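*Asks:* Would you mind keeping the following structure in view while I ask a few things?
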């Protein structure tokens, strides 16, 4: 399974962000994947109109799934979201955060110069 970050914007007048989040969760769990986080960043004013919408709800999802589930998620986002972006991660960001916290606790910060 591969880790992905998905960022998308939804027109609040025509699509409910919660229903899109449930669709993403359904696709990921159907393939045995894991949803690491779903965030709704709220309504924002767009820099330019997208499909006639001047405001949009920004959302982010962190998932771990196979390519079959990802392709079905992309199809769902293409139909429902104004814009979307899927980014593949090398590993889970939570693992990197835990590693950084462990280094900080031990005092082994590789970026710190002495």
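Rule-based calculations on the coordinates, nothing more; no lab input. This structure is a prediction, so every number in the text was calculated from the model and none was measured. Heads up, the Cβs are rebuilt from the backbone with ideal geometry, glycines too, and the neighbour counts pull from every protein chain shown.
*Asks:* Can you sort 14, 72 from fewest to most other Cβ atoms within 10 Å of each residue's own Cβ?
*Replies:* 14, 72
*Asks:* How far, in nm, would the chain grow between residue 53 and residue 68 when pulled straight, counting 0.36 nm per residue and subtracting the alpha carbon separation?
*Replies:* My answer for the length gained is 2.3 nm.
*Asks:* Once you place label points 7 Å from the Cα toward the Cβ at residue 44 and residue 19, how far apart are they in nm?
*Replies:* Computed distance between label sites residue 44 and residue 19 equals 2.4 nm.
*Asks:* For the residue pair residue 1 and residue 102, what label-to-label distance in nm results when each label sits 7 Å from Cα along the Cα-to-beta-carbon direction?
*Replies:* Using points 7 Å along Cα→Cβ, the separation is 2.1 nm.
*Asks:* Also, quick follow-up: Based on a Kirkwood Rh over C-alpha pairs, give the Stokes-Einstein translational diffusion coefficient of segment 47-87 at 25 °C and viscosity 0.890 mPa s in µm²/s.
*Replies:* Translational diffusion coefficient: 208 µm²/s.
*Asks:* On the principal axes of its Cα set, how long, how wide and how thick is segment 24-93? Give whole Å, largest value first.
*Replies:* Rounded to whole Å, the extents work out to 37, 24, 20 Å.
*Asks:* Taking segment 5-48, how much of its Cα-Cα pair set, in percent, is spaced more than 14 angstrom apart?
*Replies:* So the pairs more than 14 Å apart make up 54 percent of the total in segment 5-48.
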